[in-house]
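Below is one structure, written out as structure tokens, with a few remarks after it.
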């Protein structure tokens, strides 16, 4: 199951984000939301950065159907981090595992919503995940990278020729 099961806690945590008050995610509770959502929390913590840049907060919003908020936050993320800096490749936000899970989230958004599919962002992620030097071979990160490519190849095939995404993803599994 990709999205958290809808219950009172998930609803309350999603509402904290919708109201732009706080983020409660994993072991992090009641983290105040900064002026820029994606700059919220302790960015000296790798775990926090991973949670944010893997789009985990969006899973809460998708679980409650807050698609407008999802779209807004994705657009905000693109403005801040949409360009890949080769000097910091592999670090957050373009960490190998977070990139794979973000692509999963984009695929899920495209399947579950009538809103924007963000195909260009998905293509950017897939192109990076295809790169051999970015691939984390024989790790859980690499496994998730491969799965993300396979899923995205099916979801975004109406926008792009995703046959290479599928082939590389399957070859890496």
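Values for this structure:
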{"quantity": "Residue within the range 75-87 that is over 12 Å from the mean Cα position of the chain (by Cα), touching a residue at least 12 places away in the same chain (Cβ under 8 Å) and more than 27 Å from residue 4 (Cβ to Cβ) present", "calculated": "yes"}
{"quantity": "Qualifying position, being surrounded by 12 or more Cβ atoms within 10 Å (Cβ to Cβ), modelled with pLDDT of 95 or more and in contact with a strand residue (DSSP E or B) (Cβ under 7 Å, 6 or more places away or on another chain), among 66, 56", "calculated": "56"}
{"quantity": "Residue check, residue 165 more than 15 Å from the chain's Cα centre (by Cα), without any contact (Cβ under 8 Å) to a residue 40 or more places away in the chain and on the phi < 0 side of the Ramachandran plot", "calculated": "yes"}
{"quantity": "Any pair with Cβ under 8 angstrom, 6 or more apart, that starts in the range 111-122 at a residue that is at pLDDT below 85 and ends at one that is exposed (fewer than 13 other Cβ atoms within 10 Å of the Cβ) and assigned to a helix (DSSP H, G or I)", "calculated": "115/68"}
{"quantity": "Among the candidates 153, 107, residue that is in contact (Cβ under 8 Å) with a residue 40 or more places away in the chain and either crowded, with 19+ Cβ neighbours inside 10 Å or within 29 Å of residue 22 (Cβ to Cβ) (or both)", "calculated": "107"}
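The values are calculated or read from the model by the stated rules, or taken from the named source; none is laboratory data. Bear in mind the structure is a predicted one, so any value in this text is a computation, not a measurement. Note: ideal-geometry Cβ built from the backbone for every residue, glycine included; neighbour counts use all protein chains shown.
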